[in-house]
Amino acid sequence: MRNASRLLLLGCFTAAPALALPPPGHGTQELFGAGEPVTSIPTADSIRGFEPLDNEHVMVSLADRQQYLVTLNRQCVGLRWAEHIGVSTSDNTIWAGFDRLTADGQSCQIREIHRLPDAEDGAGH
């Protein structure tokens, strides 16, 4: 059991304009096919930003350009338009099934995490 100290990372990350995001529920299926299921995101202190894809999926970008698709346990109403998005961590790691994403104060548990291929892996196709 992970009883380590818990930290809540909050950011004032503004969601991208609605036109830059895929329509709700679209586009995430392709990301699942491209991503590898993982149990955690290490080095949470290197998070560069959050990009809500719909009310249940968020793209998390790290400073090393690594990206993860986070799926929540339920619809987090208003996630796509949230002004402040954060995440809880344990020992600087975000765990599926344990940690939570917060959107303007609303807390939603993380169900799954998929590590997406590095940007360089997808270049030139």
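Checked against (1) more than 17 Å from residue 113 (Cα to Cα); (2) modelled with pLDDT of 90 or more, residue 21 meets all criteria but (2). Among residues belonging to segment 39-92 that are part of a strand (DSSP E or B) and among the aromatic types (Phe, Trp, Tyr), point out the one that is nearest to residue 115 (Cα to Cα). Here the residue is 68. In segment 77-110, the residue that is surrounded by the most Cβ atoms within 10 Å (Cβ to Cβ) out of those that are under 11 Å from residue 40 (Cα atoms) and within 12 Å of the chain's Cα centre (by Cα) is 94. Out of curiosity, is residue 63 touching a strand residue (DSSP E or B) at 6+ places or on another chain (Cβ under 6 Å), buried (at least 18 other Cβ atoms within 10 Å of the Cβ) and either on the phi > 0 side of the Ramachandran plot or modelled with pLDDT under 95 (or both)? No. Pairs, please: C-beta under 6 Å, at least 6 apart or cross-chain, first residue in contact (Cβ under 8 Å) with a residue 60 or more places away in the chain and closer than 13 Å to residue 87 by Cα and in segment 35-46, second exposed (fewer than 13 other Cβ atoms within 10 Å of the Cβ) and not hydrophobic (A, V, I, L, M, F, W, C)? Note: no pairs meet the criteria.
The set of residues in segment 24-60 being out of contact with any Pro (no Cβ under 9 Å at 6 or more places or on another chain), polar (S, T, N, Q) and modelled with pLDDT of 65 or more consists of 39, 40, 43, 46. Among residues of segment 42-60 being charged (D, E, K, R) and farther than 20 Å from residue 108 by Cβ, the one that is surrounded by the fewest Cβ atoms within 10 Å (Cβ to Cβ) is 45.
The values are calculated or read from the model by the stated rules, or taken from the named source; none is laboratory data. Fair warning: this is a prediction, and the values are worked out from it, not measured in the lab. All Cβ positions, even for glycine, are placed from backbone atoms using ideal geometry, and neighbour counts span all protein chains on display.
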